[in-house]
Amino acid sequence: MSFKELIDVIGISIGAGLMFVSIRRAWGMRQAVQAAGYCTLLRILMVLMTFFLLGYLFSIWAILADHINWLQAIVSQVFLFGSVFVVLTVWLAQNTTAKLRRYSQHLEDLVAERTEQLQTALREQERALSYMTQLFQEMSVACFTYDRDGVVHEWNREAERLYGYRAEEAIGRSVYDLICRPEDAPRTRQVIEEVFSGRAVRNIEWKDRTRDGEERWVLCSTFPLVDPSGAVWRAISANVDITARKQQEEIIEAQREELEAQNENLQQLTQRLAQVNAELEMMAATDAMTGLPNHRVFRQRLWREFLWSLEQDAPLSLILLDVDHFKRFNDTFGHQAGDEVLRKVAHVLLEQCGEEFFCARYGGEEFTVILPGLDATQAMGFAEQVRRAVESTPCCYQPITVSLGVASVALHTLNPESLVEEADQSLYVSKRNGRNRATHAQEAGVLITEIAPEVWQERVQNAIHDHGGYAIQQVISQIVYDHLQMTRRAKAFVAGRTPLDVPTEEGCRFRVWLEQAQQSAVPACPYLETSAECHARFHALCEQLHSQPEPQLLHQLMACGREFVRTFDDHLAGVQRAA
């Protein structure tokens, strides 16, 4: 091989090596060129470079094998394809450079846009931070932020006013040193741990210290502050001064305790007063000497039993008894002996009456017994039983005997007073007949069947001028008794036991009351006019029943009587209280 051929081989080998390196570099650029949109052109160039590499290798073989003709053919083809390769390479470089410049400009624009957005966001963040700082500082609630160790990082103006520390004095110091009382340190530490675990703690009432050492009541709420990752990095505490409210509560509590004490004293006084009132009521209702109910209680009980007897058409009897020769006990043995005799008689009455009957002291040496449910025969039997019991009572002075008068409610009975009057007159009959005996009013012929017209006129006049007093109650109760008794007589008449005596309108006690009330300048009772129609219907039914004693008319009469009595229910209750 000549020196020239050696130089050609070396030059061609260097070209082949450079072409191989170019192929590898082009292969490495395939992703960037593909992104620029020249993937097909890159493939063409790589095929041309491969052809060039093969042409270089074939040229080396032609030189070494001394095939000069082949070498010339190869060189001409290489130059042809080399021209095409150079043109394509220049075109690719120009377009790729333009693409890269546009892409670079796009990146620069994008970076500028993102930079502007970041700057805008930064300014907004700084503005928001400024707003939050202003809001934090201007809040009307004492606020400060702290970390996990309780070290203060922000301190607003209201906190300065409440606690007395300026912000530069408080920031960097622990809440344990600034405001926490030593005895509250464990509780404060517990609250901080709870807040940094992610839970808010609200409405804690406790005392905080101020710079001057004063203790102030505060209502504290503390909340966790989280970073973008969700971790608690600080906490904020909001504190409202409630010292004035607590002082008011303490004053109110002291007043409440004082009121409770006063109320307890008042209750004790009320209980004592009720006890005293009960004792006074007992004293007012009880005869002090004998322990029996007194005359006032007897009148109340007799009114109720009498009204019940008429409404239910049930038997009722009354006993009045008097100690025989009582004055002799006082004159001979002294008043103490007389008092003892009265107590012995009272004891006998209590034993004989039990829970079934009612006994009371009537006055002086007189006693009375109300016997509900006993007719005349049964009442006489009970009276005789009482008489024997008194007679057998031992006495160290002289034997004790009593005279008794008995009266029973009958169809002629006017009112409780007439029943008492019949028993009283029967008592005097027993005294006249030798004492130590019982006499019934029917047996003695004692009958009180009428109220004198002038007496009734006087009662009516008193009632017209005394609407709320005893006079009106006395008149109303008598009117009720009259109607109830008339109903009982009508029942007996229909049963064929007694005749029916129908009172005339002129003699009717209700008619007298109505007429005088209408003539009076004093306004009549409001219920008087409304009951007049019912009363007239009652009278008409009585007259009709007198001529036609039929059960149907009797039922109508009884219903009308009940309706009439109901118009006076309110005053009947008043009579019961005032009797």
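The values are calculated or read from the model by the stated rules, or taken from the named source; none is laboratory data. Note that the structure is a prediction, hence the values are computed from the model and not measured. Note that we place each Cβ from the backbone using ideal geometry, even for glycine, and neighbour counts take in every protein chain shown.
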Determine whether segment 446-459 contains at least one residue that is of a type in the set (D, E) and more than 60 Å from the chain's Cα centre (by Cα).
yes
Check A231, A167 and return the single one that is of a type in the set (A, V, I, L, M), under 17 Å from S140 (Cβ atoms) and at pLDDT below 90.
A167
With hydrophobic (A, V, I, L, M, F, W, C), in contact with a Pro (Cβ under 7 Å, 6 or more places away or on another chain), not assigned by TED's automatic domain parsing to the domain that holds R562 and not in a loop (DSSP other than H, G, I, E, B) as the only criterion, which of L320, L342, L302, L307 stands out?
L302
Looking at this structure, is L292 assigned by TED's automatic domain parsing to the domain that holds A410 and touching a strand residue (DSSP E or B) at 6+ places or on another chain (Cβ under 6 Å)?
yes
Do the conditions hold for A452, that is, is it surrounded by 15 or more Cβ atoms within 10 Å (Cβ to Cβ) and of a type in the set (A, V, I, L, M)?
no
Conditions: (1) part of a helix (DSSP H, G or I); (2) among the basic types (K, R); (3) surrounded by 13 or more Cβ atoms within 10 Å (Cβ to Cβ). R234 meets all but one. Number of the miss?
(1)
Pairs under 9 Å by beta carbon, first residue closer than 14 Å to K344 by Cα in segment 278-295, partner part of a helix (DSSP H, G or I) and of a type in the set (K, R), six or more apart or different chains?
M289/R343; T290/R343; G291/R343
Output the residues belonging to segment 349-361 that are surrounded by fewer than 22 Cβ atoms within 10 Å (Cβ to Cβ) and out of contact with any Leu (no Cβ under 6 Å at 6 or more places or on another chain).
L350, E351, Q352, C353, G354, E355, E356, F358
Kindly indicate whether any position in segment 372-388 is surrounded by 15 or more Cβ atoms within 10 Å (Cβ to Cβ), in a loop (DSSP other than H, G, I, E, B) and of a type in the set (D, E, K, R).
yes
Within segment 326-338, is there a residue that is free of Cβ contacts under 8 Å to residues at least 60 places away in the same chain, among the polar types (S, T, N, Q) and closer than 30 Å to R562 by Cβ?
no
Of all residues being hydrophobic (A, V, I, L, M, F, W, C), at pLDDT 90 or above and surrounded by fewer than 19 Cβ atoms within 10 Å (Cβ to Cβ) in segment 304-340, which is farthest from the chain's Cα centre (by Cα)? Just the residue, please.
A314
Please indicate, with yes or no, whether at least one residue in segment 160-168 is more than 47 Å from the chain's Cα centre (by Cα), part of a helix (DSSP H, G or I) and over 14 Å from C220 (Cβ atoms).
yes
Here the residues within segment 424-465 that are among the basic types (K, R) and touching a helix residue (DSSP H, G or I) at 6+ places or on another chain (Cβ under 6 Å) are R437, R459
Members of segment 344-374 found to be small (G, A, S) and under 52 Å from the mean Cα position of the chain (by Cα), listed by number
G354, A360, G373
Would you be able to say whether some residue in segment 144-153 is under 44 Å from the mean Cα position of the chain (by Cα), closer than 18 Å to G213 by Cα and not aromatic (F, W, Y)?
no
Assess whether A410 counts as being among the small types (G, A, S), outside the structural domain of H483 (by TED's automatic domain parsing), assigned to a loop (DSSP other than H, G, I, E, B) and within 23 Å of R299 (Cβ to Cβ).
yes
If I go through segment 323-339 residue by residue, how many of them are β-branched (V, I, T) and outside any strand (DSSP E or B)?
1
Tally up the residues in segment 267-299 that are assigned to a loop (DSSP other than H, G, I, E, B) and either of a type outside the set (V, I, T) or at pLDDT below 85 (or both), please.
6
Can you find even one residue in segment 441-463 that is in the same structural domain as L545 (by TED's automatic domain parsing), touching a residue at least 60 places away in the same chain (Cβ under 8 Å) and in a helix (DSSP H, G or I)?
no
Could you tell me which numbered condition P224 fails, if it satisfies all but one of (1) over 30 Å from V369 (Cβ atoms); (2) outside the structural domain of Y165 (by TED's automatic domain parsing); (3) at pLDDT 90 or above; (4) not polar (S, T, N, Q)?
(2)
Here's a check for you: in segment 389-422, which residue that is closer than 30 Å to D331 by Cβ and buried (at least 20 other Cβ atoms within 10 Å of the Cβ) is modelled with the lowest pLDDT?
I400
